[in-house]
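What follows is a set of notes on a single structure, which appears directly below.
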Amino acid sequence: MKTKKEVELLIPKDKFDNTNIEELIALTNKEIESIIPDLLIWFTDMNLNVTKELVAVLSTREEILRKQLNDILSNLEEDPIFKYNIINHILASFSVEDLKNYEKSLKRIVEKPTVKEVHYETPVVANKIYSLIK
């Protein structure tokens, strides 16, 4: 088991830093849980090289992502592009059964989106996922 300090050293340092992706994938949920916010922040911009590779790190960790992802998706002030990327890349990788844990957040985005969410087409991607579970 890696120490917290060892795990923190695996966090990408810049947009090209994909050197630790395999090690991040190999971490247990308990080991990686403390750095989830540091990994999620990369999803504010899917054009960064490392972000696409982080999908593989997070896509199998629905259980430990659930609270943070629902908090992000339900926050009316959160960046709609960030939400779009989370829905389109992380949630899209989850099973239909796991997606049910996001039903309330997705329903709100689909039925009562903010002006910014509409502008950035967040309800469009939310509806694609929401339609799988409703």
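Quick note: the coordinates plus some simple rules give every number you see, no bench work behind them. Bear in mind the structure is a predicted one, so any value in this text is a computation, not a measurement. Don't worry about glycine lacking a Cβ; one is built from the backbone with ideal geometry, like all the others, and counts go over all protein chains shown.
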Inset, instruction - Report the extension gain between GLU121 and LEU9 in nm, rounded to one decimal, defined as 0.36 nm multiplied by the number of residues separating them, less their alpha carbon distance. - result: 36.8 nm
Inset, instruction - Return the calculated 222 nm mean residue ellipticity for the chain, to the nearest 500 deg cm²/dmol, obtained by summing -39500 (n - 2.57) across DSSP H runs with n ≥ 4 and dividing by the residue count. - result: -15000 deg cm²/dmol
Inset, instruction - Once you've got the GNM for the chain with C-alpha springs shorter than 10 Å, pick whichever of PHE94, PHE82, PHE16 has the biggest mean-square fluctuation. - result: PHE16
Inset, instruction - Would you mind ranking MET46, MET1 so that the residue whose beta carbon has the fewest other beta carbons within 10 Å leads the list? - result: MET1, MET46
Inset, instruction - Can you grab the distance from the C-alpha centre of the range 111-134 to the C-alpha centre of the range 53-94, Å, no decimals? - result: 14
Legend entry - Karplus-derived HN-Hα couplings along the range 94-109 (A = 6.51, B = -1.76, C = 1.60, θ = phi - 60°), whole Hz, x at Gly and Pro: 7, 6, 4, 4, 5, 4, 4, 6, 10, 4, 4, 5, 5, 4, 4, 5
Inset, instruction - Kindly list the residues of the range 42-80 that lie in the label zone of GLU33, defined by a backbone N under 18 Å from the point 7 Å along the Cα-to-C-beta vector. - result: 58-71
Inset, instruction - List the lysines whose Cα lies under 25 Å from the Cα of LYS4, skipping any in the same chain that are fewer than 8 positions away. - result: LYS13, LYS15, LYS30, LYS52, LYS67
Legend entry - Karplus-derived 3J(HN,Hα), 6.51/-1.76/1.60, for each residue of the range 50-60, Hz, glycine and proline x: 5, 4, 4, 6, 5, 4, 5, 5, 9, 5, 9
Inset, instruction - Please work out the Kirkwood hydrodynamic radius for the range 16-91, using every pair of different C-alpha atoms, and report it in angstroms with one decimal place. - result: 12.6
Inset, instruction - Quote the charge dipole size of the chain about the Cα centre in Debye, to the nearest 20; the model charges only the Cβ of Lys and Arg (+1) and of Asp and Glu (-1). - result: 420
